[in-house]
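Structure record follows, encoded as structure tokens.
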Amino acid sequence: MTDIKDTLLRYYAYANAGDWAAWCDLFAENAVVDEQLAGHIEGLPALRRLMKNGLVGYAAFQNVPERVLVSGAEGAVLSRITGRTHTGAVISAPVMNYFVFDAAGKIAYMTNVHDTVPFAPLSDPANREGRMKKRILVGLSEWGYWGEELVGPLHAFDAAGYEVTFFTPKGKRPVALGASLDPSYVDPPLGRSVTSQENAKRALELESSGRLARPKDLSRWFPERPYISSPTYLRELEAYHSALAERQSEIEAYDALLLVGGSGALLDLVNNFRVHDLILAFYRLGKPIATECYAVGCLAFAREEDRKSIIRGKHVTGHLLEYDYKEGTGFVGTDFVMGPPPYPLEYILRDAVEPGGEYHANIGHPTSAIVDYPFITSRSTPDSYLCGELVVAVLEKGLRKYGWEA
């Protein structure tokens, strides 16, 4: 029989990591659970359905065992639950769980006993409304994002009532490229302005709103991939994968990922391994991943251990060759202005989707946006609002294909 104490400790470790699939695996197929808040549950399939979305009433949750007792095939654990609801209410209460194990070491029966008063905030209607809001993680370069490529999707997300969390590679406040805030700026390839007065105003208002002031720091959130030539490579690799497993569980709290375009993305998003690992976390969970303009390049370089791009066989769009500057590609915070971008994104995308996929330039068409689930890709600035609308359609209406024919 599996060591019962070890199983009990894993029960709490999996719950605290948000790994509800592994948590459910500890139960027998015909398990019975009498949970004081959730009620009577019979059978592992019913338990899996209940825990599919985790503890949705909580914004944060921990259940720490304080005393573990085992006697034969029975176990009892005294623990303390601490948590925070979506409305900010704090929960703290002692809990006693009683377990019965079957001959295979699986949990055949579990019940718990606790005071229900501390858990009352979970039933607050405002908390139920808060937990229903979809959460979007938005990544921005620290070297300059294009204003409309952020305000366009944000317009759709805010209208849908979504909660948006921003991150940057090192936690610095993102800044819009000056050209993207200037309606008089003439885009060299197109020979006309690509920024309307309205979008310039929206971008400037966002810049001054404080909404972007404290983005998540990706470098502190996701681990660094170990250097292959390191003398302690194997130990570092084990620690890296352990940290990634923790981050993977945290990504379950988000419904979609958006990476915003602009020239800055070329410097600190596209070939950033932490960004790749973040994309892979969403990809493994089957959650939508949206990218705009130059940021579509992140998808080409996000690769599993087989080193093949995750967009192979997929249909995508992205910044096309004809839209690349001949000169004048610049970045915020530096005097360095290069000629064209350091690489033609179109070529990279065409190669990454083969075999079986296709890059769609849609040259001559005013917009170009593609949905080939889980990917939503948009070509450039004029597609920003459409990109946001497509993310909403994917989340709310189950859209899986848009903008291409097999």
The listed residue being among the small types (Gly, Ala, Ser), assigned to a strand (DSSP E or B), surrounded by 21 or more Cβ atoms within 10 Å (Cβ to Cβ) and at negative phi, out of Ala290, Ala300: Ala290
Here the residues within region 171-192 that are open to solvent by 20 Å² or more (accessible area, probe 1.4 Å), of a type outside the set (A, V, I, L, M) and touching a Phe, Trp or Tyr at 6+ places or on another chain (Cβ under 6 Å) are Pro188, Pro189
Could you list, in sequence order, all residues of region 212-252 that are open to solvent by 30 Å² or more (accessible area, probe 1.4 Å), under 30 Å from Arg202 (Cα atoms) and not acidic (Asp, Glu)? Ala213, Arg214, Lys216, Ser219
List pairs: first residue in region 268-286 and among the small types (Gly, Ala, Ser), second residue open to solvent by 30 Å² or more (accessible area, probe 1.4 Å) anywhere in the structure, Cβ distance under 6 angstrom, at least six positions apart or on different chains. Ala281/Gln248
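Return yes when Leu386 is in a loop (DSSP other than H, G, I, E, B) and under 27 Å from the mean Cα position of the chain (by Cα) and no when it is not.
When the stated conditions are applied, Leu386 does not pass them.
Residues checked against (1) open to solvent by 60 Å² or more (accessible area, probe 1.4 Å); (2) outside any strand (DSSP E or B); (3) under 18 Å from Ala31 (Cα atoms); (4) not acidic (Asp, Glu):
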residue: Leu78; (1), (2), (3), (4): yes, no, no, yes
residue: Ile81; (1), (2), (3), (4): no, no, no, yes
residue: Gly88; (1), (2), (3), (4): no, yes, no, yes
residue: Gly105; (1), (2), (3), (4): no, yes, yes, yes
residue: Ala108; (1), (2), (3), (4): no, no, yes, yes
Note on region 304-328: residues open to solvent by less than 20 Å² (accessible area, probe 1.4 Å) and without any contact (Cβ under 8 Å) to a residue 40 or more places away in the chain are Ile310
Considering (1) in a strand (DSSP E or B); (2) of a type outside the set (S, T, N, Q); (3) at pLDDT below 95, say which one Ile376 fails and leave the rest. (3)
Those residues that are part of a loop (DSSP other than H, G, I, E, B) and open to solvent by 70 Å² or more (accessible area, probe 1.4 Å), I need them from region 329-339; list them, please. Gly333, Asp335, Phe336
With the condition kept exactly as written, say whether any residue in region 345-353 is open to solvent by 10 Å² or more (accessible area, probe 1.4 Å), assigned to a loop (DSSP other than H, G, I, E, B) and either farther than 27 Å from Pro183 by Cα or touching a strand residue (DSSP E or B) at 6+ places or on another chain (Cβ under 9 Å) (or both). no
Give me the pairs: first residue in region 182-195 and in a loop (DSSP other than H, G, I, E, B), second residue surrounded by fewer than 12 Cβ atoms within 10 Å (Cβ to Cβ), beta-carbon distance under 6 Å, and six or more apart or on different chains, which are they? Pro183/Gln197
For Ala265, are the conditions met, namely being within 30 Å of Gly328 (Cα to Cα) and among the aliphatic types (A, V, I, L, M)? yes
Anything in region 29-54 that is surrounded by fewer than 19 Cβ atoms within 10 Å (Cβ to Cβ), touching a residue at least 40 places away in the same chain (Cβ under 8 Å) and in contact with a strand residue (DSSP E or B) (Cβ under 8 Å, 6 or more places away or on another chain)? List them, or say none. Asn30, Val32, Asp34, Glu35, Gln36
Of the candidates Phe157, Phe166, the one satisfying the condition of being of a type outside the set (Asp, Glu), in contact with a strand residue (DSSP E or B) (Cβ under 6 Å, 6 or more places away or on another chain), farther than 30 Å from Ala76 by Cβ and open to solvent by 10 Å² or more (accessible area, probe 1.4 Å) is Phe166
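The values are calculated or read from the model by the stated rules, or taken from the named source; none is laboratory data. Computed from a predicted model, the values in this text were never measured in an experiment. Ideal geometry is used to build each Cβ from the backbone, glycine not excepted, and the neighbour counts take in all protein chains shown. Accessible surface is based on the protein model in full, side chains and every heavy atom, while ligands, DNA and RNA are left aside. Shrake-Rupley method; radii C 1.70, N 1.55, O 1.52, S 1.80 Å.
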